[in-house]
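First comes the structure, then the notes that go with it.
The values are calculated or read from the model by the stated rules, or taken from the named source; none is laboratory data. Note that this is a predicted model, so its numbers are computed, not measured. Methodologically, a virtual Cβ is constructed for each residue, glycine included, from the backbone with ideal geometry; neighbour enumeration extends over all protein chains shown.
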């Protein structure tokens, strides 16, 4: 006798039994465990295969790539050696106490100029000296150094009574202006931390500049702090209080430093954090998201010019508007410079920041653009003082 249609329907749609559910859950758990185990195995294998060397100066490109997401503190503990000779190159760069205490004299028979800034201003200075052999330049710079670093460097040389050239030039890079909200290159360079420090300036109620100088001022200070938990914790608290780009999860070392996968996730998140905080400043709109930046920058440049003139020096400013920043920097400070008769050159009028052909792959100006900018600066120096 054939089963009825109703009995067939009921047998085909019988709900799964408790035993079937347990089997299904067991299979899902097995898949999850195998997947987790495979990820852990891959994580450990990649970590061992591309583990950074004990000496960071000999890291390969792949070792560096898989280490980008390590915490800033974790990177520093690898890059700062037990002696200065063991330090990675970036650890030594940009410190005001080192860069700005140079006491070299201008060669006889040549007109000296001192230039403060970063690699962009260094390249312009090189072109100036190449175009006019009567000139001799001295460069005081740091990696992507902001104007507060340059101003502090000049003030240090003034206060120390250092011999200075009759021409004083300050370069201001548009993409570095955001660092006026920081006290170190650490927080805006997560993937490759730049540990040099500098003051953060603000304006008092009566309009005077007031600077907060960080407690770590030299590579040796940094080395000592990393070896002293109390001092290191105090510096992190200082960053948290005075650095607008400080994010604890990106700076402090933690267990995730030991995982390749976790480091890659943190790298992506770190890039997002930096983009969001930079966007909040609205840099292409004159940093209107943080109006105090424009006020402090104008005050820095005008005080630099006033002190140079008081010392019978000729002040000049180069407004270096790099790719993606348009002429926002010029709009922000050029009127104040013009009103106070401070000579300046705005690169946006010479090499458009919106034209990719004016830039190298690493973001710097091509040599031809640097030459044009250098000629514009030289035109302001003619006749020379």
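Considering (1) surrounded by 15 or more Cβ atoms within 10 Å (Cβ to Cβ); (2) assigned to a loop (DSSP other than H, G, I, E, B); (3) touching a strand residue (DSSP E or B) at 6+ places or on another chain (Cβ under 9 Å); (4) at negative phi, the lone condition that residue 128 does not fulfil carries the number (2).
If I filter region 308-327 for residues that are assigned to a helix (DSSP H, G or I) and touching a helix residue (DSSP H, G or I) at 6+ places or on another chain (Cβ under 6 Å), do I get at least one hit? No, region 308-327 has no match at all. The test for being surrounded by 14 or more Cβ atoms within 10 Å (Cβ to Cβ) and under 24 Å from the mean Cα position of the chain (by Cα) does not hold for residue 337.
Tallying residues that are within 24 Å of residue 266 (Cβ to Cβ) and in a helix (DSSP H, G or I) within region 212-253 yields 18. Scanning region 340-381 for residues that are more than 22 Å from residue 302 (Cα to Cα), part of a loop (DSSP other than H, G, I, E, B) and over 24 Å from the mean Cα position of the chain (by Cα) gives a single hit, 350. Does any residue of region 107-120 turn out to be out of contact with any strand residue (DSSP E or B) (no Cβ under 8 Å at 6 or more places or on another chain) and modelled with pLDDT under 95? Within region 107-120, one or more residues are out of contact with any strand residue (DSSP E or B) (no Cβ under 8 Å at 6 or more places or on another chain) and modelled with pLDDT under 95.
Considering only residues in region 163-178 that are within 22 Å of residue 302 (Cβ to Cβ) and over 20 Å from the mean Cα position of the chain (by Cα), the one that is surrounded by the fewest Cβ atoms within 10 Å (Cβ to Cβ) turns out to be 166.
If you go through region 254-291 and keep only what is part of a loop (DSSP other than H, G, I, E, B) and without any contact (Cβ under 8 Å) to a residue 12 or more places away in the chain, you end up with 282, 288, 289. Determine whether residue 206 is at pLDDT below 95 and closer than 30 Å to residue 62 by Cβ. Answer is no for this residue. Residues of region 191-202 include at least one that is within 30 Å of residue 125 (Cβ to Cβ), surrounded by fewer than 20 Cβ atoms within 10 Å (Cβ to Cβ) and modelled with pLDDT under 95. Every test in (1) in a strand (DSSP E or B); (2) free of Cβ contacts under 8 Å to residues at least 60 places away in the same chain; (3) under 21 Å from the mean Cα position of the chain (by Cα) is passed by residue 153 save one, and that test is (1). Number of residues in region 179-207 that are more than 9 Å from the chain's Cα centre (by Cα) and in contact (Cβ under 8 Å) with a residue 40 or more places away in the chain: the value is 15. Each residue in region 94-123 was checked for being assigned to a loop (DSSP other than H, G, I, E, B) and either out of contact with any helix residue (DSSP H, G or I) (no Cβ under 8 Å at 6 or more places or on another chain) or surrounded by fewer than 18 Cβ atoms within 10 Å (Cβ to Cβ) (or both), and 10 of them qualify. Of the residues making up region 185-211, those that are closer than 25 Å to residue 284 by Cβ and in a strand (DSSP E or B) are 200, 201, 202, 203.
When region 67-87 is filtered for residues that are surrounded by fewer than 21 Cβ atoms within 10 Å (Cβ to Cβ) and over 15 Å from residue 220 (Cβ atoms), the ones remaining, listed by number, are 68, 73, 74, 77, 78.
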